[in-house]
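Below: one structure, written as structure tokens.
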Amino acid sequence: MDGPDYYIPAFVLAVALLVRLPSLWQNRHSPMSRAIFVIIAASAAGFVFAAPPTVERVNRLTGVPNISALIVYSFLSCLSCASLVLLIHWRGGRTVTRQTRLWIATTGCILLTFCVLFSLSDVPVERPRDLDTFYSTTPFIREMIVLYLTAHAATAIVVMTKCWRWSKELRDLKAGWTRWGLLILVTAFGLGLAFALLKFVAVGARWAGTDAWDGLSTEVAPPLAGLGAGMTTVGFLVPVVGPRLESTYDAWRAYRRMEPLWRALGPWGSGARMRIPLTSSAEMRATLRATEIADRLLRLAPSFDITHQEAAERYAAAKGYGQEAVQFVTEAFRIRAALLTAPTSVAPAAAGRPKEAAPAPVGPEEAPAPGAHPAPTAGMPSVRISGIDGLARLSRHFSEIHGTGLTVGADEPTGAGGRR
């Protein structure tokens, strides 16, 4: 691996840190936020300081040969500790504080031991790529290498075990993003364990008097460590970012699905076009569109004809729709029939009558809709369809009915060709 192989992942991690920095700073007193910061920052720093060009520059700048090894070992130990701390707080329990203090204290002792062993060792020859094998038999630095690899392997085993057990507990629960994050962490720390084992094999071969296995340490292990560090960051971010992305996608899809009904009800609006800022989130756009649809349906409500109810239900049942879908299809038929029969001259926007008070803004869980009226009349929709998702489904059925040219007569719905 050359310089770019280290600097490119470091750059990606730095970008991820900058993106997450505002929310991390806002929740800076949270142990989980601090742990996430350390994980991303330590991963990026580990890549930067492990790059051979950086190793050479740091050694020359400090005047201490191979001090970059001490720096890299320290960063990766902090990464392992932060990963454990985050996992402990993520899982929760009664011993969170005690376990956190234990791991932080253990890591502190390891870092201190690194410094003592490195200061006692004699490593005059700069080895930017193969320090582990070159100095595997040198007193003190040998112990430092073994301690680092042992701690790295132990951490990987602990995290893999905890994540795998937890993912099995979440298998039947609605925690998909968390479970995916845990499985990614199992893979990531599995790569970290493979990195430590390969290093151990190469070091052990040196102890046996051969350098034939050095390639495992210098060529095979570093890419595994890089991939594992990147996947570790992804694994911890997936449960945080995933639900947000899913919520944004669902809101945007609902916003688009509500468009046919929203446009068809245009003449029944209040006359004042609702302006949505360009910076508005998808959730806000969907909420405002659901509010407008609900407001327009309340204005159209006096034109609903209750006689279409049974005919629409028979049509939906004949199509093989389930009971829940029958309700949506029925309301879609009634809305379309009302739009076809209601004179547009009495629409509020056309008649210029006083603007009615708009209902309170709706949220994702509940939005005013047909049937969400305090005192429904005989002409009001009989089914309570509420919420952004409910209005999106209603709009989809309305669009299908409107596109096929189906009409609802007093007795039975028919198609454009008159087929009953």
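For every residue, the table says whether it meets (1) closer than 17 Å to Gly390 by Cα; (2) among the hydroxyl-bearing types (Ser, Thr, Tyr); (3) crowded, with 19+ Cβ neighbours inside 10 Å.
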{"residue": "Gly228", "(1), (2), (3)": "no, no, yes"}
{"residue": "Thr233", "(1), (2), (3)": "no, yes, yes"}
{"residue": "Val238", "(1), (2), (3)": "no, no, yes"}
{"residue": "Tyr249", "(1), (2), (3)": "yes, yes, no"}
{"residue": "Tyr255", "(1), (2), (3)": "yes, yes, yes"}
{"residue": "Glu259", "(1), (2), (3)": "yes, no, no"}
{"residue": "Leu265", "(1), (2), (3)": "yes, no, yes"}
{"residue": "Ile276", "(1), (2), (3)": "no, no, no"}
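Can you find, within region 167-185, the residue that is farthest from Leu84 (Cα to Cα) among those that are hydrophobic (A, V, I, L, M, F, W, C) and surrounded by 20 or more Cβ atoms within 10 Å (Cβ to Cβ)? Once the filter is applied, the top-ranked residue is Ile184. There is no residue in region 168-186 that is closer than 24 Å to Pro222 by Cβ and of a type in the set (Phe, Trp, Tyr).
Is there a residue being touching a residue at least 12 places away in the same chain (Cβ under 8 Å), of a type in the set (Val, Ile, Thr) and closer than 23 Å to Ala35 by Cα anywhere in region 190-205? The answer is no; no qualifying residue exists. Just one of the numbered conditions (1) at pLDDT 90 or above; (2) under 28 Å from the mean Cα position of the chain (by Cα); (3) within 30 Å of Tyr7 (Cα to Cα) is not true of Arg257: (3).
Here are some residues: Val85, Val19, Val12. Which one is within 30 Å of Arg179 (Cβ to Cβ) and touching a Pro at 6+ places or on another chain (Cβ under 8 Å)?
When all the criteria are applied, what remains is Val85.
For region 37-60, which positions are assigned to a helix (DSSP H, G or I), aliphatic (A, V, I, L, M) and more than 19 Å from Met231 (Cβ to Cβ)? The answer is Val55, Val58. Taken over region 55-101, residues that are within 21 Å of Thr232 (Cβ to Cβ), free of Cβ contacts under 8 Å to residues at least 60 places away in the same chain and either outside the structural domain of Asp132 (by TED's automatic domain parsing) or over 28 Å from the mean Cα position of the chain (by Cα) (or both) amount to 3.
The values are calculated or read from the model by the stated rules, or taken from the named source; none is laboratory data. Remember, it's a predicted structure, so these values are computed and weren't measured experimentally. Glycine gets a Cβ as well: all are built from the backbone with ideal geometry, and neighbour counts include every protein chain shown.
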